[in-house]
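Please read the structure below before turning to the comments.
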Amino acid sequence: MARITFRGYSINLRFIRATDVWQLELEKGEHLKTIAVSRDLTLIAIENIAFKEIDKLIDEEKKSY
């Protein structure tokens, strides 16, 4: 299990054996967003998905203020 942070979000990636996919978890405080990603993707591709999704989440946060 690997965990990194980006722009205040913790990024966690775990393999879900039952469904044969990676689960990408983006967590900030009490907020948790999960995204199922294909196991055929490279780690750099998954990292890019995480960064783009975090950018979207931050844009949504800014709009709510």
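Some points to look at:
- Condition met for Ser10 (over 10 Å from the mean Cα position of the chain (by Cα) and either exposed (fewer than 14 other Cβ atoms within 10 Å of the Cβ) or among the polar types (S, T, N, Q) (or both)): no
- All positions within the range 27-64 that are farther than 17 Å from Tyr9 by Cα, exposed (fewer than 11 other Cβ atoms within 10 Å of the Cβ) and out of contact with any Phe, Trp or Tyr (no Cβ under 8 Å at 6 or more places or on another chain): Asp40, Thr42, Leu43, Ile44, Lys63, Ser64
- Yes/no for Ile4 being within 29 Å of Lys62 (Cβ to Cβ), surrounded by 15 or more Cβ atoms within 10 Å (Cβ to Cβ), among the β-branched types (Val, Ile, Thr) and in contact with a strand residue (DSSP E or B) (Cβ under 9 Å, 6 or more places away or on another chain): no
None of the figures in this text is laboratory data; all of them are computed from the coordinates on show. If you're wondering where the values come from, they're calculated on a predicted model, not measured in any experiment. So basically every Cβ, Gly included, is an ideal-geometry build from the backbone, and we count neighbours across all protein chains shown.
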